[in-house]
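Heads up, the thing below is written out as structure tokens.
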Amino acid sequence: MKKVAILIKDIDQQYEGLRLSLGALLDDVDIQMVVFNHEIAIMDEAYQDNMAFLEEMGGQRISNNMGNAEKHNFQHATIKEIAQRLRNVDLIIPF
């Protein structure tokens with residue numbers, strides 16, 4: 001199984017990053033969706049539903065922003081910890 005990290009640094013790309021993560025999960029890819037620095041801006045019902053689907057399908061949600069961990073159930077990781085994780089993936093897709 002391929003391992004892919006979706007890195008979302010641009011706040012305006014958070015929907016696209018989540019959509020790509022979900023699409024890859026449907027193609028049997030191990031996904032790590034990583035949100036850097038910012039807190040999820042708009043947590044509307046559609047985004048919540050998609051995040052729940054991501055979790056149900058076995059995708060990982062990781063962020064260095066503590067707000068995402070506390071409010072949106074992301075796994076918190078430091079930049080160093082995220083860098084360590086990225087060494088173990090086959091493909092990194094930045095947003």
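The values are calculated or read from the model by the stated rules, or taken from the named source; none is laboratory data. Keep in mind the model is a prediction, meaning the values are calculated, not measured. Quick reminder, even Gly has a Cβ in these numbers, built from the backbone with ideal geometry, and neighbours come from all protein chains shown.
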Next on the checklist: I need a count of the residues in the range 41-89 that are under 11 Å from the mean Cα position of the chain (by Cα) and hydrophobic (A, V, I, L, M, F, W, C).
Outcome noted: 4
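Please go through the range 74-83 and give me each residue that is of a type outside the set (S, T, N, Q) and not in a strand (DSSP E or B), ordered by number. Don't jump to the end; show me each part of the working.
Within the range 74-83, the subset of a type outside the set (S, T, N, Q) is 74, 76-77, 79-83.
Passing the criteria: Phe74, Ala77, Ile79, Lys80, Glu81, Ile82, Ala83.
Examine the range 57-73 for a residue that is among the hydroxyl-bearing types (Ser, Thr, Tyr) and part of a helix (DSSP H, G or I), and state whether such a residue exists. Before the answer, list the steps.
First pass over the range 57-73, keeping only residues among the hydroxyl-bearing types (Ser, Thr, Tyr): 63.
Within this subset, residues satisfying the condition of being part of a helix (DSSP H, G or I) are none.
The answer is no, given that none of the residues of the range 57-73 is among the hydroxyl-bearing types (Ser, Thr, Tyr) and part of a helix (DSSP H, G or I).
I need the full set of residues from the range 1-21 which are touching a helix residue (DSSP H, G or I) at 6+ places or on another chain (Cβ under 9 Å) and either in a strand (DSSP E or B) or within 24 Å of Glu81 (Cβ to Cβ) (or both), in order please.
Our first condition is that a residue be touching a helix residue (DSSP H, G or I) at 6+ places or on another chain (Cβ under 9 Å); within the range 1-21, this holds for 2, 4-8, 10, 14-15, 18-19, 21.
Within the range 1-21, Lys2, Val4, Ala5, Ile6, Leu7, Ile8, Asp10, Gln14, Leu18, Ser21 meet the criteria.
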Checklist entry - Taking the range 40-56 as the region of interest, how many residues are part of a helix (DSSP H, G or I), in contact with a helix residue (DSSP H, G or I) (Cβ under 8 Å, 6 or more places away or on another chain) and hydrophobic (A, V, I, L, M, F, W, C)? => result 3
Checklist outcome for this item: Going through the range 61-79 in order, the residues found to be within 11 Å of Ile40 (Cα to Cα) and in contact (Cβ under 8 Å) with a residue 12 or more places away in the chain are Ser63, Asn65, Gly67, Asn68, Lys71, His72, Phe74
Checklist entry - Taking interchain pairs and intrachain pairs at least six residues apart, which have beta carbon atoms under 6 angstrom, with the first residue in the range 80-95 and touching a residue at least 60 places away in the same chain (Cβ under 8 Å) and under 16 Å from Ile8 (Cα atoms) and the second in a loop (DSSP other than H, G, I, E, B) and among the acidic types (Asp, Glu)? => result Phe95/Asp10
Checklist entry - Just a yes or no: is a residue in the range 59-68 farther than 13 Å from Val4 by Cα and either loosely packed, with under 15 Cβ neighbours inside 10 Å or at pLDDT below 95 (or both)? => result yes
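Quick one: which of Lys9, Lys80 is touching a Phe, Trp or Tyr at 6+ places or on another chain (Cβ under 6 Å) and either of a type in the set (Lys, Arg) or surrounded by fewer than 17 Cβ atoms within 10 Å (Cβ to Cβ) (or both)?
Values: Lys80 fails: touching a Phe, Trp or Tyr at 6+ places or on another chain (Cβ under 6 Å).
One residue alone meets the criteria, Lys9.
Name the single residue that is modelled with the lowest pLDDT among those in the range 22-39 being within 15 Å of Ala52 (Cα to Cα) and not in a strand (DSSP E or B). First the steps, then the outcome.
Applying the first criterion (within 15 Å of Ala52 (Cα to Cα)) to the range 22-39 yields 22-23, 25-26, 31-33.
Filter again for not in a strand (DSSP E or B), leaving 22-23, 25-26.
On the way: Leu22: 95, Gly23: 94, Leu25: 93, Leu26: 90.
Filtering first and then ranking leaves Leu26.
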